Structures are given as C-alpha cells and as structure tokens.
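To start, the structure itself, in structure tokens.
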Amino acid sequence: MTQTGDLLVIVPSRGRPQNIRRLLNAVHNTAMMNTHVSIGIDDDDDAASNYMKIFEECGREWDDLQEGCRKGLTEWTNHIAVPEAANYPYLASFGDDMIPRTKGWDKALITGIERMGGTGFTYPHDGSREDIPEAVVMSSDIVQVLGWMA
C-alpha cells in the first residue's frame, strides 16, 4: 500500500462482505484525519468476489483490499500492520462488525495517544462490551519495536 496517512484501520474479515460496506461507509463519513482502511480476506473465502465488488463501490483511493492464503484475525492483523507501521504513525485493529459513529473518532483517539507523549494505546467505547475493549488504536512505533501488533 505504501501511502503515508495519519491512521490505518486494519480489518480482517471472512464471509461477511456486507459488514465491510457498513464499515467503509462509516469510517469515511466520520473520520476527520487522513484515515485509511486495509482489509484482509482469505483467497478461499466463498465471498471473495463480493468483497471485491463492495470494495470497488465503497473503497477510497488509499484504502486497500488484500487477498491471500487463509489467516486468522491475529495473523491478518500482523501481516498488514508490520510493513505499514513505517507508513502510518498510528494503526487500528477493528473487527468487521465495528461501525464508527462519532464524528472525529479518529482524531480523538490519536489525540489521546499524543497526550501520552506520542506512544501508547487508546480504545473507543463501542458500546458492545463493558468488560473488554474490542478495538484498539496504537502508535506504530510499538509495532515497529515488537515486530507485531496482535
């Protein structure tokens, strides 16, 4: 992908292309920063052609759809995050069922990390679980040092 932006949202998905339409539209309608989306799908997913069609309809110029051998959530996240950490100061890991609703959510979460000195994690309140966060935004320097995101 090799495009520098403010935030890259990484979204592994399988069998749920309709969720990608919702997510892409929500990110594009609510983001206030230079926020891009990178989606990872398995090449053996029966819905792969639907993902491609939806991505052509809803993806923006610097969004990315990657298709490859079967990977789980963690492997797809790391597969995308590790090389892209050099191109984005912040990375996010979202499930394909995440729907950002708050205008400027990206700016608010990045500002939270900047207030910590530029290195750290922030979590949006997604309203779905009170016990654990299901999405994370982190500074990419952490990924670069560790060599993984998840």
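Which whole-number percentage describes the relative contact order of the chain, with Cα contacts under 8 Å and a sequence gap of 6 or more?
Contact order relative to length: 30 percent.
Can you pull the three principal axis extents for the Cα set of region 1-64, in Å, largest first?
Over region 1-64, Cα extents along the principal axes are 34, 23, 16 Å.
Helix 48-58 against the longest principal axis of the chain: what's the angle in degrees, Cα atoms only, rounded to the nearest 10?
For helix 48-58, the angle is close to 60 degrees.
Filter the trypsin sites (Lys or Arg not before Pro) in region 1-69 to those in DSSP coil with at most 14 other Cβ atoms within 10 Å of their Cβ, and list the result.
ARG60
Treat region 24-98 as a sphere of radius equal to its Kirkwood radius over Cα pairs and apply Stokes-Einstein at 20 °C in a medium of 1.002 mPa s; give the translational diffusion coefficient in µm²/s, rounded to a whole number.
Stokes-Einstein gives a translational diffusion coefficient of 162 µm²/s.
What residue among PRO100, PRO12, PRO83 has the largest mean-square fluctuation in a Gaussian network model of the chain, using Cα springs under 10 Å?
Top of the fluctuation ranking is PRO83.
Non-local amide H neighbours of GLN66 (under 5 Å, H modeled in plane, Pro and chain starts lacking H): which ones?
HN-HN under 5 Å from GLN66: ILE39, GLY40, ILE41.
Note down the magnitude of the dipole of the chain about its Cα centre, charges +1 on Lys and Arg C-beta and -1 on Asp and Glu C-beta and zero elsewhere, to the nearest 20 debye.
Dipole magnitude for the chain comes out near 420 debye.
Starting from the Cα of CYS69, step 7 Å toward the Cβ, then list every residue of region 18-61 with an amide N under 14 Å from that point.
42-44
In nanometres, what is the gap between the two model label sites at GLU56 and THR111, each 7 Å from Cα along Cα-to-Cβ?
4.0 nm
Report for the chain the percent antiparallel among DSSP-assigned beta bridges with both residues inside it, nearest 5.
If I count the DSSP bridges inside the chain, around 25 percent turn out antiparallel.
For the chain, take the alpha-carbon Rg, divide it by the Kirkwood Rh, and send me Rg/Rh.
That ratio is 0.94, to two decimals.
Read-outs: derived from the displayed coordinates by stated rules, not from any lab. Source: prediction; values computed, not measured. Quick reminder, even Gly has a Cβ in these numbers, built from the backbone with ideal geometry, and neighbours come from all protein chains shown.
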